[in-house]
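Reading through the structure tokens given below for one structure.
The values are calculated or read from the model by the stated rules, or taken from the named source; none is laboratory data. Keep in mind the model is a prediction, meaning the values are calculated, not measured. Cβ: placed from backbone, ideal geometry, glycine included. Neighbour counts: every protein chain shown.
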Amino acid sequence: MCILTACGGPQAQAPDGSKYLPYDQRTGAESIVYFTRNLSAEGLIQAYEQVNGKISGRVGVKLHTGEQNGPNIIPREWVKALLEKDLPDATIIETNTYYEGDRYTTELHRKTLEVNGWTFAPVDIMDEDGVATLPVEGGKWFKAMSVGKNLLNYDALVTLTHFKGHTQGGFGGSNKNIGIGCADGRIGKSWIHTTPGSDDQWNIAEEEFMERMTESTKATISHFGDKVTYVNVMRNMSVSCDCEGLAAEPVVTPDVGILSSLDILAIDQACVDIIYAMTEEEHHDMLERIETRHGLRQLSYMKELGMGNDRYILIDLDNGGVRITAQDAAKDLKPFVTGGE
């Protein structure tokens, strides 16, 4: 049975993912996004606790644990503090990679987890023992997505994301963390990156890649329903993904803070809006990466698939919960501290 809705066939023209849509040109409802400038374990805990009301049962914490000695991942001590305070029985969840690297096989992945210090909590490499498929409702490219089988063992999902650039996706937010990170390393990730029958395993790009990745995300978050939440950490934001490890491009975008929401589109959109609200010097490299890869198609396609709202109320946790704008959040930025805890 073919679970691809279109095996490389022609598709209708998608909106241009290199074009930014200003806030005043968006329509629809608004979601709540919380924001703190406190880049610390305490800030991470505060952001998470705004949106954890329905997280219960067996909890999987999806984060990017990084290649060996990668300098930009979310600090382990922050995650440890969060789990100890709010999620003592949670499991960190990951899948093996599609590319050959430090996490290509389960054996290599386990070694990398140890090198990077992810030893304070159980880590489930979800595709270690096989795969499962989840339906994709309303997908253009897929009827179902292949994920690590062990994803089905969890009742709730905490998406803990290091927001940054991405070589192929333009930017990596909660959408990328789930869409690529929960797809298994051999089947699901292949479906996202490769046209069936192609000899080039990386031949999907621009709008089509963003759509495939987003459909993968939709499969996972639809599975968890209202028991999923999102936290994005805007710190050490290289234009490179954490999958590039020590080969990542130098960080030139200033640190911002931590955001949280129950709406995946709203939180990723808010992060992008904050980047656009920076000065030319501050955001030049990140915008070039996002726009040349057509990464903004992630946002418009999430909206088309009914995954959330691209309008939001940004709540400033540092100032009594007042409503602020992306421009407000982009003020008083911190210098980046590569590799800092």
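Residue count for segment 198-223, restricted to those that are surrounded by fewer than 19 Cβ atoms within 10 Å (Cβ to Cβ) and either in contact with a Phe, Trp or Tyr (Cβ under 8 Å, 6 or more places away or on another chain) or more than 20 Å from Tyr99 (Cβ to Cβ) (or both): 2. Screening Asp332, Asp328 for residues that are at pLDDT 95 or above, over 16 Å from the mean Cα position of the chain (by Cα) and surrounded by fewer than 22 Cβ atoms within 10 Å (Cβ to Cβ) leaves exactly one candidate, Asp328.
Of the helices (runs of 4 or more DSSP H) lying entirely inside segment 167-282, those containing at least 2 residues that are more than 23 Å from Glu67 (Cβ to Cβ) span 206-224, 264-277.
Residues in segment 118-129 that are touching a residue at least 24 places away in the same chain (Cβ under 8 Å), surrounded by fewer than 17 Cβ atoms within 10 Å (Cβ to Cβ) and touching a helix residue (DSSP H, G or I) at 6+ places or on another chain (Cβ under 7 Å): Phe120 only.
Note on segment 136-151: residues that are touching a residue at least 40 places away in the same chain (Cβ under 8 Å) and surrounded by fewer than 19 Cβ atoms within 10 Å (Cβ to Cβ) total 4. Being of a type in the set (D, E, K, R) and in contact with a strand residue (DSSP E or B) (Cβ under 8 Å, 6 or more places away or on another chain) is a description that does not apply to Arg76. Residues in segment 10-39 that are hydroxyl-bearing (Ser, Thr, Tyr) and not in a loop (DSSP other than H, G, I, E, B) were compared, and the one that is farthest from the chain's Cα centre (by Cα) is Tyr23. Filter segment 184-197 down to the residues that are in contact (Cβ under 8 Å) with a residue 60 or more places away in the chain and out of contact with any strand residue (DSSP E or B) (no Cβ under 7 Å at 6 or more places or on another chain), then identify the one that is surrounded by the fewest Cβ atoms within 10 Å (Cβ to Cβ). The extreme case among them is Gly197.
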